[in-house]
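To start, the structure under review is shown below, and the notes come after it.
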Amino acid sequence: MNPEKTEKTSKIDLNRNDMPRQSPEIRRHNFNEVALGYTEEIAVKEAKRCLQCKKPKCKTGCPVEIDIPDFISCIVKGDFSSGIKKLKEKNCLPAVCGRVCPQEAQCESQCILANKKGEVAIGRLERFLADWEAKEGKVDIPTKAKPTGKKIAIVGSGPAGVTVAGDLILLGHEVTIFEALHKAGGVLVYGIPEFRLPKAIVAREVDYIRQLGAKVITDYVVGKTRSIDELLKEFDAVFVGTGAGLPWFMDIPGENLNGVYSANEYLTRMNLMRGYQFPMSSTPVKKHVRVAVVGGGNVAMDSARTALRMGADESRIIYRRSHAELPARLEESENAEEEGVIFNMLTLPVRYIGDENGWLKEIECLKMELGEPDASGRRRPIEIPNSNFRMEMDAVVCAIGNSPNPLVPSTTPGLQTTRRGTLVADQETGKTTKERVWAGGDIVTGAATVILAMGAGRKAARSIHEYLETGKW
Amino acid sequence: MNKIIERKMIVPNMHLLTLEAPDIASKVKPGQFVIVRANDEGERIPLSVADWDEEKGTVTIIFMEVGASTGALACLAAGDSVATCVGPLGNETEIGNFGTVMCVGGCYGIGSLYPVVKALKKAGNRVIMVFEARSNYLIYWVDKYIKLADKIFNVTRDGSLGLKGHISRLPDIINGLPNPPDRVIVNGCTFLMARTSEMTRDPSIPTVVNLNPIMIDGTGMCGVCRVTINGKMKFACVDGPEFSGHEVDWKEFLSRRKAYLEEEVLFFRRSEPKQAVHKEGKCQA
């Protein structure tokens, strides 16, 4: 037997290194980050599990094409500073992506060890490098290309916009980001809660873009303060990344009762406006005892877990299908369950009932069962007649999704939209139906993930650069 | 950050705030609003724009000091800055030549009607003003309106000026006119807008109200400003803020406006009492 071969085989360790986390009993009472991150020791141990495949499939699973084996091999060598450099070549938001990307459906799902259920924890390693850099306090600013004199306006400072900004500024263009709210970061600051993505991290990443030289103008509503057409007079190109910001409601009786929130309102109040610090912050929040969250995605989990941290005795997820169909990441629904969120599956709210002062008191629901798979491939929920029942609740958070925000499409002649209200844009280039205007992220795809928005941003940046170089639309 | 050019108390509890905001000043139209945050810890509150000067690049707001956030604004002075002033938000007032338009204003609405009245006059309307207040000393900007309005009526609770009583005296004013107005526009507190709409329903005079619900972003993202208009859910920030007063579900609107009444009190109780001295509406603590 070849001794070298034996050694190599024995190196394959199928046990992924667990992420140290706050225990559920403790974390359900605080807003600190749940996952604590790998230590250097664990990171190196985990990195060593990577087989450094000759044809790495993980890379193909990454929407922004990060050189995954390369940055992992830097960790193995203990050369973290080269690792983060490698990572940042393709991803200007590593600390964010390491936390909120659905790696299990992307890079990690392609890992050769995934067949053995021992895929390398790529996301956790990405996060480790980003956090290491922040701890070191030395942020490496890459050299920029010679100034081109071209100006680009970016509408929205979420993941798509920030990616476009990061890419174009390195190519020597002048970049200005316009943000409607008072803090930059888009959904990363108003939507995703502190315990999953600390706001300091988002601030750090946005700061990095600023240090690269991008101008970030907050409190500026494109579509109102200035139209796209006005921007086009001043800028050579405009990128629209305004996200999915119009909450859906269910059109059932009682939805305008006090105590019924859209997830956007509930989370914005808590995150952006720091309602969780009330009354030390001046944004008022209600102290709710029983909270029900309607929906089964990540936003629903975020809302239900926020409710617990705000001191609710009872926090429930109400979802019309079963556990198997939950659109949330497994990690998030597991975290929620561990923390004590109650799951009411196969349940559909049909009516909200209020008290004499217009406050929510009860919700009336129907029981559901699963039928044949529908267009989405998931089994369709069917109402069970006469299965109505009521639950006492003092708050409901409606987390069933968002349409694209109509502010830019409705004020920009020549921008074509789809029936769903999303902008029509070329998948490969992000070009819209209006010359010199590109778009990407949720405004084009409808509500999706942070990394998909970043991938769209990357493609648009490439196309914008090409246009600025050649002048050809 | 927007610099404050002027901040003064124009009548008790009512403040005028002029901010440097050239982008907004060059864009704003009658009936629109801005969202303001006094400081970095502040809540985002929507406030109607009462005037602007495109040349100087300034925007003027009239607001009543009622809670924590308006209180913080009232403590600022010329030279200070507000953390946020964003806009112009919402749709502009529909302006046309309607004939005779009656504009009913109370509270901050006396201020926010000013650009509306200017535009109405420019479009060739006859404008009748009705000011409503608890007492005569709470009515302001009369000098500005005298130059614009064709007729001015006053209703005061204590009878110190004009008719004595509530806005429910409005039919007395309308009945005294040779012809009823072709349109009524109301700006002010919820009670004023709801009562006026009630009284113009029967003679069937088109009545426009400018709603002022709780808001966060003002761009349609959060949905907290939802109102029921003719049985349908609308967002006041992007679908409004102006609606037909006859179509608003006022009971629901009022209860949603009052959602955080208790928390407002809680906020004031969070801190140790400070020795505060007020001089001309400016907190000197």
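At-a-glance table
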read-out: Criterion (charged (D, E, K, R), surrounded by 15 or more Cβ atoms within 10 Å (Cβ to Cβ), farther than 21 Å from B:N212 by Cα and under 18 Å from the mean Cα position of the chain (by Cα)) met by exactly one of B:K121, B:K144; value: B:K144
read-out: Counted residues, the stretch B:128-162 - those being of a type in the set (A, V, I, L, M) and farther than 22 Å from B:R201 by Cα; value: 9
read-out: Any hit, the stretch A:426-433, residues being surrounded by 13 or more Cβ atoms within 10 Å (Cβ to Cβ), part of a loop (DSSP other than H, G, I, E, B) and β-branched (V, I, T); value: yes
read-out: Any hit, the stretch A:260-272, residues being of a type in the set (D, E), in contact with a strand residue (DSSP E or B) (Cβ under 8 Å, 6 or more places away or on another chain) and within 22 Å of A:V444 (Cα to Cα); value: no
read-out: Answer from A:A300, A:A304 - the residue that is surrounded by 24 or more Cβ atoms within 10 Å (Cβ to Cβ) and over 24 Å from A:E383 (Cα atoms); value: A:A304
read-out: The lone exception for B:K29 - which of (1) assigned to a strand (DSSP E or B); (2) within 15 Å of the chain's Cα centre (by Cα) it fails; value: (1)
read-out: Selection status of A:A244, among the hydrophobic types (A, V, I, L, M, F, W, C), within 22 Å of the chain's Cα centre (by Cα) and within 13 Å of chain B (Cβ to nearest Cβ); value: yes
read-out: Which numbered condition B:G162 misses (of (1) modelled with pLDDT of 95 or more; (2) more than 20 Å from B:N13 (Cβ to Cβ)); value: (1)
read-out: Any pair with Cβ under 8 angstrom, 6 or more apart, that starts in the stretch B:133-149 at a residue that is without any contact (Cβ under 8 Å) to a residue 60 or more places away in the chain and over 15 Å from B:P115 (Cα atoms) and ends at one that is buried (at least 19 other Cβ atoms within 10 Å of the Cβ) and of a type in the set (S, T, Y); value: B:A133/B:T156; B:R134/B:T156; B:S135/B:T156; B:N136/B:T156
read-out: Unmet criterion (only one of (1) under 23 Å from A:K151 (Cβ atoms); (2) free of Cβ contacts under 8 Å to residues at least 60 places away in the same chain; (3) of a type outside the set (A, V, I, L, M, F, W, C)) for A:T412; value: (2)
read-out: Tally of residues being under 17 Å from the mean Cα position of the chain (by Cα) and over 24 Å from B:C85 (Cβ atoms) across the stretch A:152-187; value: 5
read-out: Leading residue by the ranking (nearest to the other protein chains (Cβ to nearest Cβ)) among those in the stretch B:201-216 that are under 16 Å from B:G109 (Cβ atoms) and not hydrophobic (A, V, I, L, M, F, W, C); value: B:P213
read-out: Restricting the stretch B:76-94 to residues that are crowded, with 20+ Cβ neighbours inside 10 Å and of a type outside the set (S, T, N, Q), the residue that is modelled with the lowest pLDDT; value: B:G87
read-out: Conditions (1) within 11 Å of chain A (Cβ to nearest Cβ); (2) assigned to a loop (DSSP other than H, G, I, E, B): number failed by B:T228; value: (2)
read-out: Subset of the stretch A:208-240 (residues that are among the aromatic types (F, W, Y) and away from chain B (no Cβ under 14 Å)); value: A:Y208, A:F235, A:F239
read-out: Every pair of residues 6+ apart whose Cβ atoms lie under 7 Å, when the first sits in the stretch A:134-160 and is at positive phi while the second is among the small types (G, A, S) and modelled with pLDDT of 85 or more; value: A:G156/A:G186; A:G156/A:G241; A:G156/A:G243
read-out: Among the candidates A:P413, A:P373, A:P409, residue that is modelled with pLDDT under 95 and more than 30 Å from A:V240 (Cβ to Cβ); value: A:P373
read-out: Set A:E383, A:E372, A:E362: member being more than 14 Å from chain B (Cβ to nearest Cβ) and within 23 Å of A:K287 (Cβ to Cβ); value: A:E362
read-out: Boolean, A:Y190 is closer than 21 Å to A:G441 by Cα, buried (at least 20 other Cβ atoms within 10 Å of the Cβ), touching a Lys or Arg at 6+ places or on another chain (Cβ under 9 Å) and at the interface with chain B (Cβ under 10 Å from one of its Cβ atoms); value: yes
read-out: Selection from the stretch A:332-362 of residues that are farther than 16 Å from A:A312 by Cβ, under 23 Å from the mean Cα position of the chain (by Cα) and among the small types (G, A, S); value: A:S333
read-out: All positions within the stretch A:313-359 that are in contact (Cβ under 8 Å) with a residue 60 or more places away in the chain, buried (at least 22 other Cβ atoms within 10 Å of the Cβ) and part of a loop (DSSP other than H, G, I, E, B); value: A:R320
read-out: Check on A:L231, crowded, with 21+ Cβ neighbours inside 10 Å, aliphatic (A, V, I, L, M) and either within 30 Å of A:V294 (Cβ to Cβ) or touching a Phe, Trp or Tyr at 6+ places or on another chain (Cβ under 6 Å) (or both); value: no
read-out: Every residue from the stretch B:231-262 that is in a loop (DSSP other than H, G, I, E, B) and without any contact (Cβ under 8 Å) to a residue 40 or more places away in the chain; value: B:G231, B:E247, B:D249, B:K258
read-out: Checking A:A200 against (1) part of a helix (DSSP H, G or I); (2) in contact (Cβ under 8 Å) with a residue 40 or more places away in the chain, the condition it does not meet; value: (2)
read-out: Filter pass, B:F191 being aromatic (F, W, Y) and either in a helix (DSSP H, G or I) or at pLDDT below 95 (or both); value: yes
read-out: Positions within the stretch B:202-226 being of a type outside the set (S, T, N, Q), more than 25 Å from B:D182 (Cβ to Cβ) and under 20 Å from the mean Cα position of the chain (by Cα), in sequence order; value: B:P213, B:I214, B:M215, B:I216, B:D217, B:G218, B:V224, B:C225, B:R226
read-out: Residue that is surrounded by the most Cβ atoms within 10 Å (Cβ to Cβ), among those in the stretch A:385-404 that are more than 26 Å from the chain's Cα centre (by Cα) and closer than 21 Å to A:R316 by Cα; value: A:M393
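Yes or no, residue by residue, for (1) small (G, A, S); (2) surrounded by 19 or more Cβ atoms within 10 Å (Cβ to Cβ); (3) within 12 Å of chain A (Cβ to nearest Cβ):
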| site | (1), (2), (3) |
| --- | --- |
| B:R195 | no, yes, no |
| B:E198 | no, no, no |
| B:G218 | yes, yes, yes |
| B:M233 | no, no, yes |
| B:P241 | no, yes, no |
| B:F253 | no, yes, yes |
| B:R256 | no, yes, yes |
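Yes or no, residue by residue, for (1) of a type outside the set (A, V, I, L, M, F, W, C); (2) crowded, with 19+ Cβ neighbours inside 10 Å:
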residue: B:E6; (1), (2): yes, no
residue: B:I10; (1), (2): no, no
residue: B:L16; (1), (2): no, yes
residue: B:P22; (1), (2): yes, no
residue: B:S26; (1), (2): yes, no
residue: B:R44; (1), (2): yes, yes
residue: B:A50; (1), (2): no, yes
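The values are calculated or read from the model by the stated rules, or taken from the named source; none is laboratory data. None of the values given here were measured: they were computed from a predicted structure. Positions of Cβ are generated from backbone atoms using ideal geometry, with glycine treated the same way; all protein chains shown enter the neighbour counts.
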